[in-house]
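Peer 1: Have a look at the structure that comes next, please.
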Amino acid sequence: MKGIIKFIVALLIAAVSLVTYWCSSEENEFTGEEQRVDMTVEQEIALGLQAAPQMAEQYGGLHPDQQAVQEVKAIGQRLVQNTRVRETPYEFDFHLLADEQTVNAFALPGGQIFITAGLLRRLESEGQLAGVLGHEIGHVVARHSAQQLAKAKLTQGLTGAAAIAMYDPDNPSSRSGAVVAAMVGQLMNMRYGRDDELESDALAVQLTGAAGYDPNSMKRVMEILEEASGGAGGGPEFMQTHPNPGNRIARIEEAIRQEYPNGVPENLIK
């Protein structure tokens, strides 16, 4: 009887998780894609603003070099104001972090975008910086954080249901089944993360070109990221949240060909 009750509870949890996920669907006004999200744009903006100070603190705070700070902000705002991004409700702000060692850039929900000094000092041109910031803007307008949250809640519900169904307190070995279920859920979310990165690369190609920057500069950014990782990409691509930088170059080249079938204009900033 205990086993039946446990199985029914697991089914109910799984059913509620699936119904909640599949019913939270809406069209993204920027990309035109149908998405499953469970927060409003206003909630995204509030969440990003709330988290921004703590995120900056993790990287040593904001950089004191005001000239470099203003350069980052100016290029970021050029990408916003000269593209369709200006029509979105997001509140974009661009921050340079003091961390000189870490090579990273990331976006919080709602438009708070960060780049570390460690990455900025490796970049060689304005166009490359525009490519990095355009990629992060892509994450925001594509609502990747909201998507990830909805997917994480679904995965948590399903793996929790699986753990309840498989765990037997009288059989310690059944714990391994619950562990496997949790690992599968984690790998599923890693896959979603890599897809988000590739979509943001494609959006960055559109945004950089529209703002007057050469999207080809993004290819050199990928080489710089690969060099920073020691050329190994940090391990097998399947186990990474981000795609291998070398593999991203081919996808960027494909996006450029689609956006500029007659070739990229010569007058764009590299």
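The values are calculated or read from the model by the stated rules, or taken from the named source; none is laboratory data. The structure presented is a predicted model; accordingly, all values stated were derived computationally and were not measured. Using ideal geometry, Cβ is built from the backbone for each residue, glycine included, and neighbour counts are taken over all protein chains shown. With ligands, DNA and RNA removed, areas are computed over all heavy atoms of the protein, side chains included. Shrake-Rupley method; radii C 1.70, N 1.55, O 1.52, S 1.80 Å.
Peer 1: Being without any contact (Cβ under 8 Å) to a residue 40 or more places away in the chain and surrounded by 13 or more Cβ atoms within 10 Å (Cβ to Cβ) is true for just one of 105, 68. Which residue is that?
Peer 2: Result of the check over 105, 68: 105.
Peer 1: While we're here: May I ask you to list the residues in the range 53-72 that are under 24 Å from residue 205 (Cβ atoms) and more than 20 Å from the chain's Cα centre (by Cα)?
Peer 2: If the condition is that a residue be under 24 Å from residue 205 (Cβ atoms) and more than 20 Å from the chain's Cα centre (by Cα), then 71 is the only one that fits.
Peer 1: Does residue 113 qualify as being in a strand (DSSP E or B), within 25 Å of residue 46 (Cα to Cα) and modelled with pLDDT of 95 or more?
Peer 2: yes
Peer 1: Name, by its number, the condition in (1) under 20 Å from the mean Cα position of the chain (by Cα); (2) modelled with pLDDT of 90 or more; (3) of a type outside the set (Lys, Arg) that does not hold for residue 37.
Peer 2: Failing condition for residue 37: (2).
Peer 1: Counting only residues that are in contact (Cβ under 8 Å) with a residue 60 or more places away in the chain and assigned to a helix (DSSP H, G or I), how many does the range 120-139 have?
Peer 2: Number of matching residues: 13.
Peer 1: Follow-up question, since we're still on this one. Taking into account only those residues within the range 226-270 that are open to solvent by 60 Å² or more (accessible area, probe 1.4 Å) and small (Gly, Ala, Ser), which is modelled with the highest pLDDT?
Peer 2: 230
Peer 1: Same structure again: Please enumerate the residues belonging to the range 71-80 that are free of Cβ contacts under 8 Å to residues at least 40 places away in the same chain and in contact with a helix residue (DSSP H, G or I) (Cβ under 8 Å, 6 or more places away or on another chain).
Peer 2: none
Peer 1: If I filter the range 81-99 for residues that are closer than 18 Å to residue 270 by Cα, of a type in the set (S, T, N, Q) and free of Cβ contacts under 8 Å to residues at least 40 places away in the same chain, do I get at least one hit?
Peer 2: No, that holds for no residue.
Peer 1: Answer yes or no as to whether residue 98 is farther than 13 Å from residue 225 by Cα, among the aliphatic types (A, V, I, L, M) and crowded, with 23+ Cβ neighbours inside 10 Å.
Peer 2: The answer is no for residue 98.
Peer 1: Could you go through the range 87-103 and let me know if any residue there is of a type in the set (A, V, I, L, M, F, W, C), within 18 Å of the chain's Cα centre (by Cα) and farther than 25 Å from residue 222 by Cα.
Peer 2: Within the range 87-103, not a single residue is of a type in the set (A, V, I, L, M, F, W, C), within 18 Å of the chain's Cα centre (by Cα) and farther than 25 Å from residue 222 by Cα.
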